[in-house]
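All remarks here apply to the structure that follows.
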Amino acid sequence: MQKSILIIGACGQIGTELTFALREKHGNENVIASDIREGNAELMASGPFEILDATNYEAIENVVMHYEIEEVYLMAAMLSATAEKFPMRAWNLNMNSLFNVLNLAKEKKISKLFWPSSIAVFGPNTPKEHTEQNTIMEPSTVYGISKQSGERWCEYYFNKFGVDVRSVRYPGLISWKTLPGGGTTDYAVEIYHKALEEKKYSCFLKEDTLLPMMFMDDAIRATIDIMETPAEKIKIRSSYNLAAMSFNPSEIAKSIQQHIPEFKISYAPDFRQQIADSWPSSINDNKAQEDWGWKPAFNLEKTTQEMLKNLK
Ligand SMILES: NC(=O)c1ccc[n+]([C@@H]2O[C@H](COP(=O)([O-])OP(=O)(O)OC[C@H]3O[C@@H](n4cnc5c(N)ncnc54)[C@H](O)[C@@H]3O)[C@@H](O)[C@H]2O)c1
């Protein structure tokens with residue numbers, strides 16, 4: 001019999017594509033998408049959907065019991081830029097949603113769980129280049145503080161209660177199916193839309209802001225791969241560093257100009273510059289490579305080709 005999977009926060013940038021990928025693999029009926037709001041038409045038509053508030057333990061428990069869920073992917077969160085505007089709401093959502101699924105696993109109501117962390121766990125005092133798995137972690141954003149706390153709790157629940165929780169620190173994610181939801185790396189998606197629509201883009205980060213990034217197909221593959229790896233191979237139960245490429249706004253603009261020569265970029269940094277400046281410029285993901293065979297497939301050139309081809 002196929003196992004049943006629940007995705008919480010399924011209508012967002014990652015959740016939408018993760019839902020399609022898991023449905024393809026496990027069958028539409030076995031993957032329950034849920035969110036506090038409805039998603040796009042393609043997602044809604046592709047299989048079972050529940051309106052579900054990630055901060056409501058009883059509501060999640062009811063869905064888990066009803067569908068006999070074995071695995072949960074928790075994608076609901078408030079992202080870095082929005083969280084700076086609503087700190088308490090961000091803390092409440094990001095922490096309580098995680099406690100809800102950790103406690104369901106502790107109570108043995110689900111057997112496995114995925115929760116994403118972020119490069120935002122690092123802070124201004126972290127060495128910026130090839131940032132190691134274990135290094136200084138003093139995040140200076142509300143979002144980063146919530147992710148770092150989340151990592152500590154995941155490891156604690158694994159050590160104390162044997163909860164099978166798995167996590168990666170996603171870099172900024174680039175996708176064409178769904179728009180990003182209020183992060184600091186959103187520029188790297190907006191720029192492709194504007195390049196095609198207006199042939200120009202005003203970037204909210206400075207031209208030399210180098211950040212770790214990844215194409216969505218790689219992120220989805222990493223997520224499914226870490227969940228399918230035998231438990232004994234998952235040595236890190238806080239969260240794994242994960243990397244694919246690093247670029248700055250000027251480099252992504254140049255890669256777009258290879259395809260749209262008249263494209264122009266200008267720069268008008270806003271409050272997100274300070275967030276970006278507190279993050280690493282590149283990530284060392286040796287542990288993910290060693291423990292569960294991680295290898296990215298998309299560099300900047302391939303990402304640009306995919307984005308422009310699909311958004312056209
Ligand atoms: N996208 C990135 O670049 C990136 C990078 C690093 C980490 N992450 C992490 O990955 C996860 C998913 O990110 P995303 O980019 O898909 O975010 P998103 O903002 O696009 O999607 C989040 C989804 O959660 C839903 N949601 C909000 N409050 C909810 C609630 N109370 N109950 C249920 N659903 C609720 C939203 O409606 C939305 O559909 C988050 O934990 C995020 O921190 C994302």
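The values are calculated or read from the model by the stated rules, or taken from the named source; none is laboratory data. Not measured: the values here are computed from a predicted model. Note: ideal-geometry Cβ built from the backbone for every residue, glycine included; neighbour counts use all protein chains shown.
For the reader, a short list of remarks on this structure follows.
- E29 being touching a residue at least 24 places away in the same chain (Cβ under 8 Å), within 24 Å of E228 (Cα to Cα), more than 21 Å from the chain's Cα centre (by Cα) and more than 11 Å from the ligand (Cβ to nearest atom): no
Table: residues versus (1) within 19 Å of the chain's Cα centre (by Cα); (2) in the same structural domain as W279 (by TED's automatic domain parsing); (3) more than 18 Å from G15 (Cβ to Cβ); (4) free of Cβ contacts under 8 Å to residues at least 60 places away in the same chain.
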position	(1), (2), (3), (4)
S80	yes, no, no, no
A90	yes, no, no, yes
S97	yes, no, no, no
N103	no, no, yes, yes
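- The set of residues in the stretch 271-293 that are closer than 20 Å to A81 by Cα and without any contact (Cβ under 8 Å) to a residue 24 or more places away in the chain contains only Q274.
- Test: Y143 is in contact with a helix residue (DSSP H, G or I) (Cβ under 6 Å, 6 or more places away or on another chain), in a helix (DSSP H, G or I) and buried (at least 23 other Cβ atoms within 10 Å of the Cβ): yes
- Unmet criterion (only one of (1) within 14 Å of the ligand (Cβ to nearest atom); (2) touching a residue at least 60 places away in the same chain (Cβ under 8 Å); (3) within 21 Å of T16 (Cβ to Cβ)) for Y67: (1)
- Within the stretch 211-219, one or more residues are within 13 Å of the chain's Cα centre (by Cα) and either of a type in the set (F, W, Y) or part of a loop (DSSP other than H, G, I, E, B) (or both).
- Test for I265: is it modelled with pLDDT of 95 or more, of a type in the set (V, I, T) and either in a helix (DSSP H, G or I) or within 19 Å of the chain's Cα centre (by Cα) (or both): no
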